[in-house]
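To start, the structure itself, in structure tokens.
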Amino acid sequence: MRTYLVTGGAGFIGSNYIHYMFRKYDNEIRIINVDALTYAGNLENLKDLEGRENYTFIKADITDKEAIEKIFAENDIDRVVHFAAESHVDRSIKNPEVFVHTNVIGTACMLNAAKAAWENPDGSFKEGKKFLHVSTDEVYGSLPDDGKSYFYETTPYQPHSPYSASKAGSDLLVKAYMDTYKFPANITNTSNNYGPYQFPEKLIPLLINNALAGKELPVYGDGMNIRDWLYVDDHAKGIDMVQEQGKLFETYNIGGHNEKRNIEIVNLVIDTLQEMLPDDDPRKKNVSKDLIKYVTDRKGHDRRYAIAPDKIKAEVGWEPETKFADGIKKTIRWYLDNQDWLKNVTSGDYQKYYDSMYEGR
Ligand code: NAD
Ligand code: TYD
């Protein structure tokens with residue numbers, strides 16, 4: 001039975017990936033989920049897996065060398081899928097150090113532990129071992145708003161935010177391990193994900209949460225920035241396909257060919273909520289375009305991201321499956337059906353975060 005070590009599996013994409021993998025492989029695989037449970041990690045995301053014999057959760061920090069080495073020593077790991085990271089651009093602007101620590105040092109620690117566990121005495125690696133590093137298209141910087149330029153795997157790195165710079169650093173470390181040691185790895189660079197279990201500091205769940213509560217919907221700058229949205233299950237499928245069918249040592253960009261301006265997203269979320277909420281739901285009257293508030297722009301705000309997923313289509317056979325109109329409905333349905341989850345993650349520290357981020361903007 002193949003054993004996976006998933007880092008950051010209690011976060012948004014990691015938890016969706018684990019669900020995807022058990023739906024696909026059921027009892028053919030074993031997953032060990034290693035997560036430090038920061039503000040972004042939530043075991044509620046994986047509640048339905050409790051009691052599964054082929055699933056184990058270990059609370060550990062990826063920068064804790066000894067803890068990570070112990071996990072490799074005690075388990076014969078075949079696959080690493082490395083999601084764990086600090087992931088929010090706005091937080092990185094306020095507090096860059098933790099991004100360097102987790103994203104760069106943490107990735108180095110994961111690479112070292114996997115290398116030590118998988119390396120043969122002659123410097124080659126044990127058969128079939130693979131490490132997949134999950135990264136972002138933000139490492140490529142910002143595209144002009146021309147609707148025709150794209151990020152390719154060959155696009156030079158030009159990160160702007162402390163978040164993307166720290167992810168670029170982690171990508172380069174993985175590349176260095178592949179170049180120097182022939183360490184068996186792949187890198188995926190992916191566009192903005194959306195779907196269930198996303199923490200409501202990110203645009204789409206923040207809009208849903210605020211609109212339901214009748215709170216302002218903060219739009220940075222002119223609202224015309226473009227992001228390329230990918231449904232999280234399509235991403236999970238892409239990661240699995242790259243790891244199983246991709247060529248080792250290669251980078252693959254995973255994107256939805258789904259560019260939207262932020263203001264389009266805001267309007268769509270409002271329209272969809274109005275359509276989905278029953279007339280007798282008291283929250284329906286809260287949901288209105290009057291909530292839209294243009295606020296001070298994010299510092300260094302990248303204008304446009306757009307991935308050309310040509311390589312992954314040609315070499316791996318992956319294509320996005322979920323149409324945006326369907327994905328956004330599924331996402332909003334999930335948040336409406338999981339109000340307790342939303343309440344739990346937005347209680348306590350979330351309010352402090354929100355006030356410090358949006359006050360006076
Ligand atoms: P997230 O913030 O929702 O989850 C991150 C997870 O990592 C959390 O469970 C957190 O507890 C855990 N974590 C953080 N620091 C840790 C540490 N030091 N040790 C162990 N665990 C730690 O992030 P996400 O949106 O699920 O993103 C997952 C990965 O995908 C990240 O590497 C991110 O850079 C990348 N990515 C995200 C997007 C997106 O749109 N969300 C797009 C492209 C790439
Ligand atoms: P976000 O979800 O933070 O993802 P990223 O910065 O990694 O792309 O933001 C998506 C876009 O939405 C980005 O252009 C910033 C913008 N945005 C707002 O306009 N208002 C908000 O409150 C947030 C969180 C983001």
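The values are calculated or read from the model by the stated rules, or taken from the named source; none is laboratory data. None of these values were measured; they are calculated from a predicted model. Reconstructed Cβ throughout: ideal geometry from the backbone, glycine too, with neighbour counts over all protein chains shown. Calculation scope for accessible area: heavy atoms of the full protein, side chains included, ligands and nucleic acids excluded. Shrake-Rupley method; radii C 1.70, N 1.55, O 1.52, S 1.80 Å.
Packing order of peptides 194-202, 337-345, 260-268, 3-11, highest average first: 3-11, 194-202, 260-268, 337-345 (average count of other Cβ atoms within 10 Å over each peptide's residues).
With every protein chain left in place, what is the accessible area per residue of the chain in square angstrom, probe 1.4 Å?
Working: 15230 Å² over 361 residues.
About 42 Å² of surface per residue is accessible.
DSSP beta bridges confined to the range 2-357 are antiparallel in about 10 percent of cases. Out of the range 106-158, which GluC sites (Glu not before Pro) are coil in DSSP terms and have no more than 14 other C-beta atoms within 10 Å? Hits after loop and neighbour filter: Glu127. If you line up the long axis of helix 65-74 against the longest principal axis of the chain, both from Cα atoms, how many degrees apart are they, to the nearest 10? With both axes taken from Cα atoms, the answer is about 60 degrees. Need one number: the % of Cα-Cα pairs in the range 114-216 sitting beyond the 24 Å mark. More than 24 Å apart: 46 percent of the Cα pairs in the range 114-216. List the residues whose amide H sits under 5 Å from the amide H of Val295, counting only those 5 or more places along or on another chain, with H placed 1.01 Å from N in the peptide plane. Under 5 Å from the amide H of Val295 lie the amide H atoms of Val219, Tyr220, Gly221, each far enough along the sequence or on another chain.
Would you mind counting up the charge near Ala67? Only other residues with Cβ under 15 Å from its Cβ, with Lys and Arg at +1 and Asp and Glu at -1.
Values: positive: Lys59, Lys65, Lys70; negative: Asp35, Asp61, Asp64, Glu66, Glu69, Glu74.
Cβ neighbours under 15 Å give a net charge of -3.
Considering only protein heavy atoms and a probe of 1.4 Å, how much of the accessible area of the range 2-357 is carbon and sulfur, as a whole percent? If you can, show how the numbers build up before the last one.
Details: 7290 of 14770 Å².
Carbon and sulfur together cover 49 percent of it.
Based on Cα coordinates alone, diagonalise the gyration tensor for the range 53-135, multiply each eigenvalue by 5, take square roots, and list the semi-axes in whole Å, largest first. Present the calculation step by step, with values, prior to reporting the outcome.
Working: eigenvalues 135, 42, 28 Å².
Those come to 26, 15, 12 Å.
Compared with the dominant principal axis of the Cα atoms in the chain, helix 12-25 is inclined by about 60°. How many percent of Cα pairs in the chain exceed 35 Å? Roughly 21 percent, rounded to a whole number. Each helix, a run of at least 4 DSSP H residues, gives -39500 (n - 2.57); summed and divided by the residues of the chain, these come to -12500 deg cm²/dmol at 222 nm.
In terms of distances greater than 27 angstrom between alpha carbons, the cross-link table entries Lys24/Lys167; Lys299/Lys329; Lys167/Lys237 yield Lys24/Lys167; Lys299/Lys329. The lysines whose alpha-carbon is closer than 22 Å to the alpha-carbon of Lys70, local same-chain residues fewer than 8 away aside, are Lys59, Lys115, Lys126, Lys129, Lys130. Put simply, the amide H of Gly141, placed in the peptide plane, has neighbours under 5 Å in Gln158, His160, leaving out anything fewer than 5 places away on its chain.
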